[in-house]
Amino acid sequence: MTVPALELRNVSKDYLIKAGGGLIPSYRRHAAVAGVSLTIARNSIVGLVGESGSGKTTTGMMALRLVKPTSGRILVNGVDISQLDHKGLKPVRRQMQVVFQDSYSALDPMMTLAQIVAEPLDIHGVGSPREQTDEALSWLERVGLDRSYGGRYPHELSGGQRQRVAIARALILKPTVLIADEPTSALDVSVKAQIINLLQDLQEEMDLSILFISHDLSVVRSLTDRVVVMYRGQVVEEAETEAIFSDARHPYTRALLDAIPAANPRDRRVRRFLSVEEIEAATPRLARSELPEAAEPSQTPQLVSIGPGHRVAAIVTP
Amino acid sequence: MLLYIIRRLISVALTFFVVSVIIFLMMHSIPGGPFDGNDMPVSEAVRAKLMARLGLDQPLHVQYLNYMWGVLHFDFGVPYQSPGESVIQLLSRAWVPSLVLGGLGVILGAPLGILLGMAAALNRNSIIDYFASTFATLGLTIPVFVISMLLILVFAVWLDWLPASGWGSPDRWILPIAAYAAIPIATYARYTRSAMLDCLNRPFVTVLRAKGLSENRIIFQHVLRNAAIPMVTVFLPMFIGTATGSIFVETMFRVPGLGAYFVSSIEARDYPLEMALVLMVTLMFCLAYFLADIAYAWLNPRIRVGGDH
């Protein structure tokens, strides 16, 4: 079996939250991410979906080691990076890059596009300044911008163009893993499609593995190979993309699918938001004997395998 | 850009004119005249003769036009308090202490304020941050004459480390410089802290971290560079602002500079000197803001290059 490009094993992140005021403040732990495991095979795109606050961005930040996990292991191309310090991480950083949602604040407004795109080369000491600029300009071309854009500033571009610049900057070091945190959420539909196509093309050309964080299920469906659904800091379901759309088992996944707007008004459903209690009550209960793989009975939900590559959080009954 | 500069210069000239009219009227509306003092009484006839010689018996608008005509030829008249020299000679002498003390106050205060602001931003919500914010708020809210008095009380009276007043030996400069530095330290600490925090929270800084750039280089190459625009543009107006501060500081520390002459010229109804001082400060403020705006436009690509943001 080949080594996955990115693997998170049982990763958690706790934050201390001030619970009591006064002279001696008391804190309680809040688990933003609790025991998340996910695997991105080489050359594949995995969608990480969930509502705001579900912990998907924190998961992405931990994968990049911009946030240090409280526990768990992070492996990039088989190398454990969860305990590395700044110096040890530097070579790993070449392997992993990130693209954010807000393309405007993601680019330093004081720098020209050529400087922005060339900067990763400078940080990692690749090539002479002249070669770095040349490389940056050809990357601008590769993401569909003219070379003449090199002298421009971020504020002169549209949102879609800025996102192209952010992608060029992310890929100029030829990383193996790209974390894309809602890269299309701020764009309008036609531009969104262009950026998706660009990501798809580059993924194929560069053998990239992408963790695509999004709440936009229609984009996730067209782009990803697998989908991982997060809810309140935990993975509640994961499967091949088509299996999620055709055979979702967890009530939260179904609620997300119901929220996709339908193009035909006749198909529109009455949308309803499920409360935490409703989702808890509807958590699937599976008998041990039905499961294809062995699992211990439990009172709390656990991720169990229910089919090839399809896992769901369920309560296992004896 | 050229059009903008021309427009701004016209507005500077207009401001200059309006201020000159208002000040001239206000100055003459203060009761009394230059020869009404009780310490050296003059007879009615002598007074009338003096007034006629100085042109003070003419209607106000004629006096104003005469004065401004002189101003356009760089002739600001002769100060009544010191008739042996021209106003320009007196000012060029009085400038030195104000420039040395105020200038050193800003030049030393600004970097200290920047350091304090950086320390606060990089240690957010720590003791350092609270100390810096408290210090900055106090520096901006306590009037400079109270700060001066406190400095004199602590360092000259209680500790007896430094002389309380005067001009001459450099040890006398320390306390007034400290008084002048309060506002630049406080202003820069606040500017730097908020500008850096604003910048540190933006995704491009996160991207830089993800690219493996060290925290020091992130702060010096990117964060400070973005934060520098307001810090550069506020410098010149603040520098000129010490001219107003000098009215209090120089009175408190008995320094023979511009501020001291400001006060004495009003007390003595020394019209030519008073006008010259106000017009000079007005012009410097106008030019300082003008240059600050140009510097802002020049430093900021969003304005320099134009575009839709």
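The values are calculated or read from the model by the stated rules, or taken from the named source; none is laboratory data. Everything numeric in this text was worked out from a predicted model, so none of it was measured. Note that we place each Cβ from the backbone using ideal geometry, even for glycine, and neighbour counts take in every protein chain shown. Accessible surface is based on the protein model in full, side chains and every heavy atom, while ligands, DNA and RNA are left aside. Shrake-Rupley method; radii C 1.70, N 1.55, O 1.52, S 1.80 Å.
Here is how the numbers come out for the structure above:
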quantity	calculated
Farthest positive-ward along segment B:112-214 dipole, Cα basis, beta-carbon charges - from B:Ala189, B:Leu208, B:Ala156	B:Leu208
Shielding of A:108-118 by partner chains, average beta-carbon count, 10 Å	4
Computed magnitude of the charge dipole of chain A (debye, nearest 20; Cβ of K, R +1, Cβ of D, E -1)	720
Efficiency of FRET between B:Arg7 and A:Arg285 - r from beta-carbon atoms, R0 51 angstrom, step 0.05	0.10
Dipole of chain B [Lys/Arg +1, Asp/Glu -1 at C-beta], most positive-end residue of B:Tyr67, B:Ile5, B:Leu277	B:Ile5
Cα-derived Rg over Rh, computed across segment A:6-247 with Rh taken as Kirkwood radius	0.99
Cα→Cβ-extended label distance, 7 Å offset, between A:Asp207 and A:Arg254, nm	4.2
Magnitude of the charge dipole, segment A:132-268, Cβ model with Lys/Arg +1 and Asp/Glu -1, debye to 20	400
Cα centroid separation - segment B:98-125 against segment A:176-205, whole Å	45
Percent accessible area from carbon and sulfur atoms, chain B, protein chains only, probe 1.4 Å	70
A:Gln302 long-range amide H proximity, modeled H, under 5 Å	A:Ala314, A:Ile315, A:Val316
For A:Ala106, distant residues with modelled amide H under 5 Å away	B:Phe204
Set of lysines with alpha-carbon distance to A:Lys192 below 20 Å, sequence-local pairs under 8 removed	none
Karplus-derived 3J(HN,Hα), 6.51/-1.76/1.60, for each residue of segment A:227-241, Hz, glycine and proline x	10, 10, 9, 10, 9, 6, x, 10, 7, 9, 6, 8, 6, 4, 3
Nearby lysines by direct alpha-carbon distance to A:Lys90 (threshold 23 angstrom, same-chain neighbours under 8 apart not counted)	A:Lys13, A:Lys68, A:Lys174, B:Lys211
Estimated dipole of chain B in Debye, rounded to 20 [Cβ of Lys and Arg +1, of Asp and Glu -1, Cα centre]	1280
Stokes-Einstein D for segment B:95-304, Kirkwood Rh over Cα pairs, 20 °C, 1.002 mPa s (µm²/s)	114
FRET efficiency, 1/(1 + (r/R0)^6) with R0 60 Å, evaluated for A:Leu66 and B:Ile266 via beta carbons	0.45
Pair-distance profile P(r), taking every C-alpha pair of the protein assembly as shown, with 10 angstrom steps and integer %	3, 12, 18, 17, 14, 11, 9, 7, 5, 2, 1, 0, 0
Calculated P(r) tail over 19 Å for segment B:97-183, as whole % of Cα pairs	46
Where a label projected 7 Å from the Cα of A:Asp188 along Cα→Cβ would reach, residues of segment A:143-157 with amide N under 13 Å	none
CD proxy at 222 nm, helix term only [per DSSP H run n ≥ 4: -39500 (n - 2.57); per residue of chain A; nearest 500]	-9500 deg cm²/dmol
Euclidean distance between Cα centres, segment A:1-59 to segment A:83-152, Å	27
For segment A:88-97, 3J(HN,Hα) per residue [Karplus equation, 6.51 cos²θ - 1.76 cosθ + 1.60, θ = phi - 60°, Hz, x = Gly/Pro]	x, 6, 3, x, 5, 4, 5, 7, 10, 9
Normalised alpha carbon radius of gyration of segment B:1-116 [divisor 2.2 N^0.38 Å]	1.49
Sites B:Ser92 and B:Ser214, calculated FRET efficiency, Cβ-Cβ separation with R0 51 Å, nearest 0.05	0.50
Amide H contacts under 5 Å for A:Arg152, placed H, 5+ residues apart	A:Leu113, A:Ala114
